[in-house]
Amino acid sequence: GAGVSQSPSNKVTEKGKDVELRCDPISGHTALYWYRQSLGQGLEFLIYFQGNSAPDKSGLPSDRFSAERTGGSVSTLTIQRTQQEDSAVYLCASSLDRGLTYEQYFGPGTRLTVT
Amino acid sequence: QKEVEQDPGPLSVPEGAIVSLNCTYSNSAFQYFMWYRQYSRKGPELLMYTYSSGNKEDGRFTAQVDKSSKYISLFIRDSQPSDSATYLCAMSAIPTTSGTYKYIFGTGTRLKVLA
């Protein structure tokens, strides 16, 4: 079956512009995560959605970052007024439910370059 | 100090060698330990997970956890060129009932198996 998909796969933007990154989770998965992967930094948790509960936004690095998940499915991560330090690979993952026994399935990521 | 430390490598080994990949951690609340494999330009995929100290084997892969030393390892026997990838360790504590199952990732070790 279809895995997690993300679009665009690559995005080059100028400093100061806003960008939107999209994640389509696996159908039926109630949990959705956004991570950022920078060189030498590993995967950094950004935000977590679980069903209809309020999202856990504790990993968002600044108020320029926001995310929403519409209808419990597709999610959009928005970065406003992009900075060069925002350049990274943004990964989305989904899992069937919350809980450690539920594997997180990752998408291929969106490679963001801010010039 | 990072919660999870992992040598970024790169680690180059000849085909057939036994590979040892390691992570150390500082948070004694971590109880769930995972190893992910990430090929270039792809999202991470789960290789193995374990809850407890000791060894867990799956084919050519063995995961080892030593909670007393806060040290985890992944061993790959009879390594193949197709094992060339970045290997990330990840770990999580058991959250409170409404908490997020947040994974803390290492930076990843780049492995290259030479034919």
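The values are calculated or read from the model by the stated rules, or taken from the named source; none is laboratory data. The structure displayed is predicted, hence computed values, not measured ones. Note that we place each Cβ from the backbone using ideal geometry, even for glycine, and neighbour counts take in every protein chain shown. For accessibility, only protein heavy atoms count, side chains too; no ligands or nucleic acids. Shrake-Rupley method; radii C 1.70, N 1.55, O 1.52, S 1.80 Å.
Going by a ≥ b ≥ c, the root eigenvalues of the Cα gyration tensor, does the protein assembly as shown fall in the rounded group (a/c under 1.5), the prolate group (a/b larger than b/c) or the oblate group? Note, shape of the protein assembly as shown comes out prolate.
Averaged per residue, region A:5-99 has 47 square angstrom of accessible surface, using a 1.4 angstrom probe with ligands and nucleic acids left out.
Going by Cα centres, region A:1-39 and region B:1-77 are how many Å apart? Cα centroid to Cα centroid, the span is 26 Å.
Panel note: contact residues of region A:66-106 (accessible area lowered by at least 10 Å² against the chain on its own; 1.4 Å probe) correspond to A:Leu91, A:Arg98, A:Gly99, A:Leu100, A:Thr101, A:Glu103, A:Gln104, A:Phe106. As I understand it, the dipole of chain A uses +1 on the Cβ of Lys and Arg and -1 on the Cβ of Asp and Glu, about the Cα centre. Which of A:Gln41, A:Ile26, A:Ala2 lies farthest toward its positive end? Most positive-ward Cα: A:Gln41. Ranked from largest to smallest solvent-accessible area, with a 1.4 Å probe on the protein heavy atoms, B:Lys2, B:Lys70 come out as B:Lys2, B:Lys70.
Roughly speaking, to the nearest percent, how much of the protein assembly as shown's 1.4 Å accessible area is carbon and sulfur? Exposed carbon and sulfur together represent 46 percent of the surface. Cut-off 10 angstrom, C-alpha nodes, Gaussian network model of chain A. Which of A:Val89, A:Val12, A:Val74 fluctuates the most? Maximum fluctuation in the GNM of chain A, among the listed residues, is at A:Val12. Around the Cα centre of region A:1-58, unit charges on the Cβ atoms of Lys, Arg, Asp and Glu (plus for the first two, minus for the last two) sum to a dipole of about 100 debye. Surface burial for A against B, with a 1.4 Å probe and both sides summed, reaches about 2000 Å² of accessible area. Normalised size of chain B, defined as Cα radius of gyration per 2.2 N^0.38 Å with N residues, equals 1.05.
Once the partner protein chains are put back, region A:23-53 shows a loss of at least 50 square angstrom of accessible area, versus the chain by itself, at A:Leu43 (probe 1.4 Å, ligands and nucleic acids excluded). When B:Tyr103, B:Tyr71 are compared by accessible surface with a 1.4 Å probe, the order from highest to lowest is B:Tyr71, B:Tyr103. Its alpha carbons give region A:1-112 an Rg and a Dmax of 13.3, 41 Å.
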